[in-house]
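Below is one structure; the comments refer to it alone.
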Amino acid sequence: MRYVYLIFIFLVISTISILGFRGAKKLSPPLEVFDDMDRMPKYMPQSESAFFADGRTDRLPVENTVARGAYYEDEYMETGKIGTEFGKGMPDGLEISNALMDRGEDRYNIYCAVCHGQAGNADSIIKKYAVTMPVADLTQPFFLNYPDGQLYDVITNGKGLMFSYADKLSVEDRWAVVLYMRALQRAANGTANDLTPAKREELGL
Ligand code: HEC
């Protein structure tokens, strides 16, 4: 029985001394049994190269080609931008209809309402529990002034603590959500002037 203890202690000591304290910092170079591909011949970005005639490592894109993922059939529809600026209005290629609004409501209530609230005013379940979470109140005048393309961009790329919804909402769905956000903003900022004269009279306004 004594040997079992001795062998056990010997194994512990030899394991620790062979493997070392992984992650511990030391000044001497590590013992590399297999080289971990830490060092290999490669070009760093923006470095020089004697191989290419112009002396640069970086190659320019081949003429008349478009990089994968960089081609947009309808740039505004897919990026929300016209050139480098966020565009205003919905993309021409999209038919604005009640069906699109309904789709936007459906997607908004699934993906956005948990944080921004069903009315868009940040009165949500998240606000109740994550008190410090700076969820944006989308009905604020600040966001009324956002171009539609910028709202689309926030959904596509996320912003600050909010992550991207590009993998959950298709391009059309994202625009549908933008459309519905506009409806929420309109609803939250309505005034008596939005009513018909008959309705106003009925309410005594
Ligand atoms: C997990 C919580 C969460 C969800 C879900 C969420 N958001 Fe947000 N959203 C935030 C937070 C937090 C911010 C504030 C971001 C910041 O400034 O750090 C924000 C900011 C925004 C803004 C303003 C961005 C700006 O420029 O200040 C818009 C617009 C917005 N969200 C739209 C949406 C839409 C549309 C959805 C659904 C597709 C959505 N959000 C889903 C948390 C969320």
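The values are calculated or read from the model by the stated rules, or taken from the named source; none is laboratory data. Fair warning: this is a prediction, and the values are worked out from it, not measured in the lab. Backbone-built Cβ (ideal geometry, glycine too); neighbour counts: all protein chains shown.
Table for the structure above
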read-out: Matching entry among Ala183, Ala192, Ala122, Ala187 (being under 26 Å from Tyr76 (Cβ atoms) and either modelled with pLDDT under 95 or not acidic (Asp, Glu) (or both)); value: Ala183
read-out: Residues of segment 22-65 classified as surrounded by 10 or more Cβ atoms within 10 Å (Cβ to Cβ) and hydrophobic (A, V, I, L, M, F, W, C), total; value: 1
read-out: Odd one out for Ile96, checked against (1) under 28 Å from Ala136 (Cβ atoms); (2) β-branched (Val, Ile, Thr); (3) touching a Phe, Trp or Tyr at 6+ places or on another chain (Cβ under 8 Å); value: (3)
read-out: Segment 188-205, residues that are surrounded by 13 or more Cβ atoms within 10 Å (Cβ to Cβ) and either hydrophobic (A, V, I, L, M, F, W, C) or near the ligand (Cβ under 9 Å from one of its atoms) (or both); value: Ala188, Leu195
read-out: Matching option when the condition is surrounded by 16 or more Cβ atoms within 10 Å (Cβ to Cβ), within 24 Å of Thr84 (Cα to Cα), of a type in the set (Phe, Trp, Tyr) and under 21 Å from the mean Cα position of the chain (by Cα), among Phe143, Phe163; value: Phe143
read-out: Filter pass, Lys168 being near the ligand (Cβ under 9 Å from one of its atoms) and either under 17 Å from Ile110 (Cβ atoms) or in contact (Cβ under 8 Å) with a residue 60 or more places away in the chain (or both); value: yes
read-out: Complete set of residues in segment 96-131 that are farther than 23 Å from Ser170 by Cα and in contact (Cβ under 8 Å) with a residue 40 or more places away in the chain; value: Asn121
read-out: Glu63 being away from the ligand (no atom under 16 Å from the Cβ) and modelled with pLDDT of 90 or more; value: yes
read-out: Given (1) modelled with pLDDT under 95; (2) of a type outside the set (Phe, Trp, Tyr); (3) within 16 Å of the ligand (Cβ to nearest atom), number of the condition Glu48 does not satisfy; value: (3)
read-out: Residue within segment 79-97 that is part of a helix (DSSP H, G or I) and either modelled with pLDDT of 95 or more or of a type in the set (Val, Ile, Thr) (or both) present; value: yes
read-out: Criterion violated by Tyr152 - all others in (1) within 8 Å of the ligand (Cβ to nearest atom); (2) among the aromatic types (Phe, Trp, Tyr); (3) within 13 Å of the chain's Cα centre (by Cα) satisfied; value: (1)
